[in-house]
1. Could you check the stretch 7-41 and list, in sequence order, the residues that are of a type in the set (Gly, Ala, Ser) and within 15 Å of Asn68 (Cβ to Cβ)?
2. Which of the residues belonging to the stretch 9-37 are in contact with a Ser or Thr (Cβ under 8 Å, 6 or more places away or on another chain), β-branched (Val, Ile, Thr) and more than 12 Å from Asp54 (Cα to Cα)?
3. Among the residues of the stretch 49-81, what is the count of those that are open to solvent by 40 Å² or more (accessible area, probe 1.4 Å) and free of Cβ contacts under 8 Å to residues at least 12 places away in the same chain?
4. Can you tell me how many residues within the stretch 33-48 are surrounded by fewer than 19 Cβ atoms within 10 Å (Cβ to Cβ) and of a type in the set (A, V, I, L, M)?
5. Just to be sure before I move on: is Arg13 of a type in the set (Lys, Arg), in contact with a helix residue (DSSP H, G or I) (Cβ under 7 Å, 6 or more places away or on another chain) and not in a loop (DSSP other than H, G, I, E, B) in the structure I sent?
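The values are calculated or read from the model by the stated rules, or taken from the named source; none is laboratory data. In this text the structure is predicted, and so the values were computed from the model without any measurement. Don't worry about glycine lacking a Cβ; one is built from the backbone with ideal geometry, like all the others, and counts go over all protein chains shown. All accessible areas refer to the heavy atoms of the entire protein, side chains included, with ligands and DNA or RNA removed. Shrake-Rupley method; radii C 1.70, N 1.55, O 1.52, S 1.80 Å.
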Amino acid sequence: MYYRKIMTSLDDRAIIYGRHIVKHNATVRDTAKFFGVGKSGVHTAVTKHLMVADRNLYNKVQRILEHNKAISHIHGGEVIRQRYAK
């Protein structure tokens with residue numbers, strides 16, 4: 001499911017992206033795909049603009065992003081194993 005691009009202020013977009021990440025435990029890549037925007041835009045919104053817009057939500061998002069980064073090597077290893085198993 002894709003949403004059309006959101007035409008709101010940067011702070012509003014940061015809050016929308018942040019809420020999506022927290023609600024769905026989503027990655028930046030998943031969030032960008034869901035909203036039909038670029039990964040770097042989502043990352044900038046939730047790391048820079050969200051800190052100003054909603055500090056509490058920012059802290060929740062940062063915990064999820066740190067967790068995703070910590071386990072990214074596991075997901076990469078699984079993809080490689082599946083690719084070479086075929």
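1. First, pick out the residues of the stretch 7-41 that are of a type in the set (Gly, Ala, Ser): 9, 14, 18, 26, 32, 36, 38, 40-41.
Selection gives Gly18, Ala26, Ala32.
2. Scanning the stretch 9-37 gives a single hit, Ile21.
3. So the count comes out to 18.
4. Total satisfying the criteria: 1.
5. yes
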